[in-house]
Amino acid sequence: VQLQASGGGLVQAGGSLRLSCAASGDTVSSDDMGWFRQAPGKEREFVAAINWSGASRHYADSVNGRFIISRDNAKNMVHLQMDSLKSEDTAVYYCAAGRTRNSLRYAGAYTYWGQGTQVTVSS
């Protein structure tokens, strides 16, 4: 499976972006999908995840209420709608896929990773 993240860019604080992650090579309809981010000088951190069926969604406290994760299994894609962006959301955002066995918040539980897309929020 190859994952391609897109949708990043430069936005002012308070603005919105929608990230997308397209999977190719095989279906990810049976995989949990997650978004992680890494800011300069910091470790990669969990942002949001959705289980294979879409019935369960998880968010980091820092983004809960501002970000929404969704998936379209027919199109083999996952999206991250980011609203009310803050300067501290600036990071490279990575999508991931895998059968996490309910460990959706843990990067090590994912098998496949995209290349990342840069999100920069100016204050």
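The values are calculated or read from the model by the stated rules, or taken from the named source; none is laboratory data. Everything quoted here is computed from the prediction, not taken from an experiment. Counting neighbours? That spans all protein chains shown, and the Cβs are built from the backbone with ideal geometry, glycine included. Keep in mind that these areas ignore ligands, DNA and RNA; they rest on the heavy atoms of the full protein, side chains included. Shrake-Rupley method; radii C 1.70, N 1.55, O 1.52, S 1.80 Å.
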Subject >> Computed label-point distance, nm, for sites Asp61 and Gln38 using a 7 Å Cα→Cβ extension >> reply: 2.5 nm
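Given 20 °C and 1.002 mPa s, compute D for the chain with the Stokes-Einstein relation, Rh being the Kirkwood radius over Cα pairs; round to the nearest whole µm²/s.
Numbers: Rh = 14.0 Å.
Reported coefficient: 153 µm²/s.
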Original post:
How much of the accessible area of the chain, in percent, comes from carbon and sulfur atoms when a 1.4 Å probe is used?
Top reply: 45 percent
Subject >> Signed unit charges on C-beta, dipole axis of the range 1-47, positive-most listed residue Gly14, Gln4, Val47 >> reply: Gly14
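With an 8 Å Cα cut-off and a minimum separation of 6 or more residues, compute the relative contact order for the chain in percent.
Details: 320 pairs, mean separation 44.3, N = 123.
For the chain, the relative contact order is 36 percent.
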Subject >> Net charge dipole size for the chain [Lys, Arg +1 and Asp, Glu -1 on Cβ; Debye, nearest 20] >> reply: 80 debye
**OP:** Please give the per residue accessible area of the range 38-100, computed with a probe of 1.4 Å over protein heavy atoms only, in Å².
**Re:** 50 Å²
